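Colleague: Got a structure for you, written out below as structure tokens; questions coming shortly.
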Amino acid sequence: MAEQATAAGDELAAGRDALARGAWEHARTSFESVLEQGENPAALEGLSWVHWWQEDLDACLAARDRAFRAYRVTGDRRGAARMALWAGDDHLFFRGAGAVADGWFARARKLLDDLPECPEHGWLAVFEAHVRLRAADLEAARGLAREAQRIGRAQEAVDLEMFGLATEGTVRLEQGAVDDGLRCLDEAAAAALAGEYEQLAPAAWACCLLLSACEELRDVDRGAQWSHEVIALGHRLGGGFVLGNCRAHHGSILTRCGRWDEAERELTAALRSLPRGPVSWQRDAAARLGELRRRQGRYDDAARAFEQAGEHPLALVGLAELRLGDGDAAGAAGLAERGLRQTPAHSPRRADALEVAMRCRIALGELDTAAGYTEQLRAIAEVVATGPVRASARLAEARLFAARGEFAEAGERYADAVAAYEGASAPLEAAQARLELARAFSADSQAGLAEVEARRAHAELSGLGAQAEAARAAALVEELGSGPAGGRPAPLTARQVEVLRLAAEGLTEQEIAARLVLSEHTVHRHLANIYTRLGCSSRAAAVARAGRLGVL
């Protein structure tokens, strides 16, 4: 019997060592060997982590449940509480089952109630911090994260201390304390990559929180520095959904940088990796792929990806951009403002939604509301202080001046925005701001400068592969009177030419749809894309411009 116990102990130690190295199959073999001798809570706990990393959530939860009951049978309340905590976390983040998670957390709390302080008290605090963070109760979340760190230090549990620090960093970002938040996240990720975490799951989680922060702050340089190391860790661990989540954030950073081929690879790989991971992570990846498609001018593909992402704030903003491009400023404003309601008042994540909302209100002639959004964006830029966010604030100011007819002032701020975007490695935004600068010069009777900027914008947009935006630039060059940019007219597809010819004859969208055997929605989308490619906002203007370009 003693020899059997010794062998079981050796197998448990071997399994735990394999878990720490990410050798999942070796760990599985060791734990199952122990379980062949009888129900062992520690082996069941280890096996639950093997299933977790191999993305078999049903098996993971079943093993955690067995481990919980086995710990209770042996009177190990700490072990039972630990299983309750991780089961609650799985239900919360993988299944979005907040009520089930609350039940497990409550069970853990009662089991720990009168025990001496131990690491499980800290893990309870940090999980409850994330519950409070999701509810936007930021002060409570920060207090719980700091309590987790205190317990981690006292118990010499580095992974608990560092994950508590990462959680506090995330809360501080939501509160607008960007430098403080990033310092927390940088340290927690460094500890993870240095192998200081006893458990690998919170190590991977801390890294994902950092990459998410870099993306939301548009801190491209910081994100690029960390992405390589974090993704390399994901490859070593072999956790598909963890690696997929990191790749989704990396893909978004690459999208901002204009490295769209690389972004395409990362985002499509992420979506392949995530079907068995948390639904929220799948939606994150779909929203980010939608944004890439929108920038590429693949609007139908973008809409499908955004719809797959549901009520994700990035998807709402992306759909608002599409709706605004179709000329529906009121509908776009509603979507953007829904996105704003999902983010705390001081959160840097509001920047994208604020940009679109202010443009919608300008399009609707509601300049006072647009000015309010511009002021909020400026306040975020003062706190965040990354180049792209500062550039975004300058661009918003320029648009507001232009809407008021103050084109000289608008031109100055457009030029500032162009320089800031270029310095921040945001080529699409730089080219878009340059195109608006050209329009401001044109409105200010500086046609020569306008044409120079329009041609530069066209070259930059064409080089990126932003077809719809390049077509707008080409149309402006032609409008300014020196012939088409690049020596050729803005392109229309054969179907778009058919639709525009019928529109020129005065047919309604319903009549065009009947003539071409299409749906009205498809005809509406064709007309919207025609306006985009020709840089027009009405049917009459599109017909006139297409005639001048020799398209009709």
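Colleague: State yes or no: is residue 191 part of a helix (DSSP H, G or I), under 27 Å from residue 344 (Cα atoms) and modelled with pLDDT of 90 or more?
Modeller: no
Colleague: Can you tell me how many residues within region 166-188 are part of a loop (DSSP other than H, G, I, E, B) and within 19 Å of the chain's Cα centre (by Cα)?
Modeller: 2
Colleague: So which residues in region 395-430 are at pLDDT 95 or above and more than 31 Å from the chain's Cα centre (by Cα)?
Modeller: Passing the criteria: none in range.
Colleague: Ok, one more. Is it the case, given these coordinates, that residue 514 is surrounded by fewer than 20 Cβ atoms within 10 Å (Cβ to Cβ) and closer than 15 Å to residue 502 by Cα?
Modeller: So residue 514 passes the test.
Colleague: Also, I was wondering about something else. Among the residues of region 115-130, is there at least one that is at pLDDT 95 or above, at positive phi and either touching a Pro at 6+ places or on another chain (Cβ under 9 Å) or not aromatic (Phe, Trp, Tyr) (or both)?
Modeller: no
Colleague: When you look at residue 352, is it outside the structural domain of residue 527 (by TED's automatic domain parsing), without any contact (Cβ under 8 Å) to a residue 40 or more places away in the chain and touching a Leu at 6+ places or on another chain (Cβ under 8 Å), yes or no?
Modeller: Considered against the rule, which asks whether it is outside the structural domain of residue 527 (by TED's automatic domain parsing), without any contact (Cβ under 8 Å) to a residue 40 or more places away in the chain and touching a Leu at 6+ places or on another chain (Cβ under 8 Å), residue 352 comes out as yes.
Colleague: So for region 65-82 (the condition being of a type in the set (A, V, I, L, M), surrounded by 21 or more Cβ atoms within 10 Å (Cβ to Cβ), assigned by TED's automatic domain parsing to the domain that holds residue 205 and closer than 26 Å to residue 127 by Cβ), does at least one residue qualify?
Modeller: yes
Colleague: Quickly run through region 1-60 and pick out the residues that are in a helix (DSSP H, G or I), surrounded by fewer than 15 Cβ atoms within 10 Å (Cβ to Cβ) and acidic (Asp, Glu).
Modeller: Once the filter is applied, which keeps residues that are in a helix (DSSP H, G or I), surrounded by fewer than 15 Cβ atoms within 10 Å (Cβ to Cβ) and acidic (Asp, Glu), region 1-60 yields 3, 10, 17, 25, 58.
Colleague: Are there helices (runs of 4 or more DSSP H) fully within region 387-502 with at least 1 residues that are out of contact with any helix residue (DSSP H, G or I) (no Cβ under 8 Å at 6 or more places or on another chain) and surrounded by fewer than 24 Cβ atoms within 10 Å (Cβ to Cβ)? List them.
Modeller: 407-423, 447-464
Colleague: Mind listing whichever residues of region 248-289 are outside any helix (DSSP H, G or I), surrounded by fewer than 20 Cβ atoms within 10 Å (Cβ to Cβ) and modelled with pLDDT under 85?
Modeller: Correct list: 275, 276, 278.
Colleague: Give region 359-380 a look and list any residue that's crowded, with 22+ Cβ neighbours inside 10 Å, within 24 Å of residue 425 (Cα to Cα) and of a type in the set (A, V, I, L, M, F, W, C), or say none.
Modeller: The answer is 377, 380.
Colleague: Please specify each residue of region 100-151 satisfying the condition of being over 22 Å from residue 170 (Cβ atoms) and either in contact (Cβ under 8 Å) with a residue 60 or more places away in the chain or within 26 Å of the chain's Cα centre (by Cα) (or both).
Modeller: Matches in region 100-151: none.
Colleague: Of everything in region 71-107, what is hydrophobic (A, V, I, L, M, F, W, C) and assigned to a loop (DSSP other than H, G, I, E, B)? Give them in sequence order.
Modeller: 97
The values are calculated or read from the model by the stated rules, or taken from the named source; none is laboratory data. Just so we're clear, the structure is a prediction, and the values are computed from it rather than from any experiment. Cβ atoms come from the backbone with ideal geometry, glycine included; neighbour counts cover every protein chain shown.
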